[in-house]
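Please treat every number below as a calculation from the coordinates, not as lab data. No experiment lies behind these values; they were computed from the predicted model shown. All Cβ positions, even for glycine, are placed from backbone atoms using ideal geometry, and neighbour counts span all protein chains on display.
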Amino acid sequence: MGDVLSQNEIDSLLAALSTGELDVDEMQEKGDKQVKNYDFKRPAKFSKEHLRTLEIIYEHYGRLLSTNFPVYLRKNIQVSVASSETVTFSEFTNALSNPVILGIINFQPLGGNIILDLAANLGFAMIDRMLGGKGEPLEKNRDFSEIEMTIIEKLMIIAIQLMREPWKNVLDISPMLERIETNPQFAQVIAPNEMIAIVTLNMKIGEVEGFMNVCLPYFTLESVMDKLNTKYWFSTMKDSGDENYEMYIESLIRRVDIPLRVIMGYSSISVSDFIGLQVGDIIRLDSQVDSELDVYVGNIKKFNAVPGTEKDKYAARVTNIIREEE
């Protein structure tokens, strides 16, 4: 119900109309309002600003995937953000093929789950690389075996842990893989009419190309929606100086596995003696029992050590560090 005018306001309005101070046609033009259609089945819960911020987050995430995955797959990998959009969860699941790789992720401390969707051809290419192949997809998709799912699960866990750093400016998250589904019907963790944001990443493993979709429900991100804007994002970004960059590189290097070898000694024997070796035979080495052993890190002699045991296992105790100048 509109506001009720008093008698004095009515008299003032009539007086203004009679003197020409107010134009009826002009008032009608100002009173016209443009009406926009609103689809209650698809409420606009994500703005363009929200989607842009999510793209920035997953552009960073794509760079981390491109840097870390080649260590495990021994193949050049390129990842970039292809698009972002908002749809209902039912539209997302209806567009999925079968089989598909859906990682159900507990997005702690936020409530609810997010979903990481990996194209089947990328999954088979990763499995082929992990098993020593060239990284080629199957000509015709089929269901994944238990062994293949175990390999995919390990790679999925690595991909999920890499999400922590891109989200730091918004929230410190601790994502955890709950399970992997290959049938979209068993991944109904979100209401069908719930609005979700989908960030699509284009991934290329060698010559194999496919999409990885990150499905982010509104009710999971609702508590941090105010932080999903570029103004907040850039205002909370820390200065990434040379010192921080060096610390970041050092932290990456510390996670690299390197071979460690302890050389017990050397010996020379004939081929005929080598062929005739049996269990219990003794090979005489050129080192003494109480002499220090050389310890190699990769192909570099780095330590001296003495042999021993630790809980029923052979061990070596470091006695000296060999510096570069030595």
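Things worth noting here:
- What the Cβ-Cβ distance of Arg74 and Lys301 gives, at R0 = 25 Å and to the nearest 0.05, is a FRET efficiency of 0.40.
- Amide H within-cut-off set for Ser83, under 5 Å, with H built and near neighbours excluded: Thr200
- Over all pairs of different C-alpha atoms, the stretch 122-189 has a mean inverse distance whose reciprocal, the Kirkwood radius, equals 13.9 Å.
- For the stretch 64-132, applying the loop criterion from DSSP together with a ceiling of 11 other beta carbons within 10 Å to the trypsin sites (Lys or Arg not before Pro) yields Arg74.
- When each of the peptides 112-118, 277-283 is scored by how many other beta carbons lie within 10 Å of its residues on average, the order from highest to lowest is 112-118, 277-283.
- Amide H contacts under 5 Å for Leu228, placed H, 5+ residues apart: none
- Environment charge of Glu292, counting only residues whose C-beta is closer than 12 Å and scoring Lys/Arg +1, Asp/Glu -1: 0
- Placing R0 at 30 angstrom, the Cβ-Cβ distance between Arg317 and Met247 gives a FRET efficiency of 0.45 after rounding to 0.05.
- At most 12 other Cβ within 10 Å, DSSP loop - chymotrypsin sites (Phe, Trp or Tyr not before Pro), the stretch 72-158: none
- For the stretch 252-287, trypsin sites (Lys or Arg not before Pro) meeting the loop criterion (DSSP other than H, G, I, E, B) and having at most 14 other Cβ atoms within 10 Å: Arg255, Arg284.
- Globularity ratio of the stretch 48-254, using Cα Rg and 2.2 N^0.38 Å: 1.02
- The stretch 44-103 and the stretch 254-326: distance between their alpha carbon centers, rounded to Å: 48 Å
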